[in-house]
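One structure is given here, and the rest of the page talks about it.
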Amino acid sequence: MGHMQLSHTKTVPDAWRDLSDAENDAQTTAIYDVIGAHGGDVKVAAFSPGDATVFSVIEYPDRASAQRSVAGVLALGTLEYVSVQELWDIVDWAQVVRAAAHG
């Protein structure tokens, strides 16, 4: 398993204002293209209507790839990151805890 990341993003309002459906789709595609160019695999992308933000779970080959992807998405000027968190696989984590407990 690579580097799993939870991203909480919001749109840059001016970048999405008055777009046609085709322009909106093109900007969304550009974001996915940046993620893919850095080896990212989007596992979940979910919209939160309460605060109009997007939560994404993306797997990357490593942390450096994830960081380059975030930088690339920021460079597009269409999204801002509210937070980025590394996620640990629960099965792997449980094994580490058990190993530590048994010395």
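The values are calculated or read from the model by the stated rules, or taken from the named source; none is laboratory data. Predicted model, so just to flag it, every value in this text is computed and none were measured. Every residue, glycine among them, receives a Cβ derived from its backbone with ideal geometry; neighbour counts consider all protein chains shown.
List the residue pairs whose Cβ atoms are under 7 Å apart, where the first residue sits in the stretch 81-99 and is farther than 11 Å from Ser56 by Cβ, the second is surrounded by 11 or more Cβ atoms within 10 Å (Cβ to Cβ) and basic (Lys, Arg), and the two are 6 or more positions apart or on different chains.
Val82/Lys10
For residues that are surrounded by 11 or more Cβ atoms within 10 Å (Cβ to Cβ) and farther than 30 Å from Trp88 by Cα, tally how many sit in the stretch 3-26.
Final tally of qualifying residues: 7.
Looking at Gly50, Gly103, Gly39, which is the one that is modelled with pLDDT under 95 and more than 24 Å from Trp16 (Cα to Cα)?
After ruling out the rest, the residue left standing is Gly103.
When you go through Val34, Val42 one by one, which is the residue that is surrounded by fewer than 15 Cβ atoms within 10 Å (Cβ to Cβ), within 16 Å of Val84 (Cβ to Cβ) and in contact with a helix residue (DSSP H, G or I) (Cβ under 7 Å, 6 or more places away or on another chain)?
When all the criteria are applied, what remains is Val42.
Which ones in the stretch 45-80 are without any contact (Cβ under 8 Å) to a residue 60 or more places away in the chain, out of contact with any helix residue (DSSP H, G or I) (no Cβ under 7 Å at 6 or more places or on another chain) and β-branched (Val, Ile, Thr)?
Answer for the stretch 45-80, where residues must be without any contact (Cβ under 8 Å) to a residue 60 or more places away in the chain, out of contact with any helix residue (DSSP H, G or I) (no Cβ under 7 Å at 6 or more places or on another chain) and β-branched (Val, Ile, Thr): Thr53, Val54, Val57.
If we only count helices (runs of 4 or more DSSP H) wholly inside the chain, which ones have 1 or more residues that are touching a Ser or Thr at 6+ places or on another chain (Cβ under 7 Å)? Break it down stepwise before answering.
Details: elements: 13-16, 21-37, 63-76, 90-101.
Helices (runs of 4 or more DSSP H) meeting the threshold: 13-16, 21-37.
How many residues does the stretch 47-79 contain that are of a type in the set (D, E, K, R) and surrounded by 14 or more Cβ atoms within 10 Å (Cβ to Cβ)? Show your work before the answer.
Filtering the stretch 47-79 for residues of a type in the set (D, E, K, R) gives 51, 59, 62-63, 68.
Going one step further and asking which of them are surrounded by 14 or more Cβ atoms within 10 Å (Cβ to Cβ), we end up with 59, 68.
Qualifying residue count for the region: 2.
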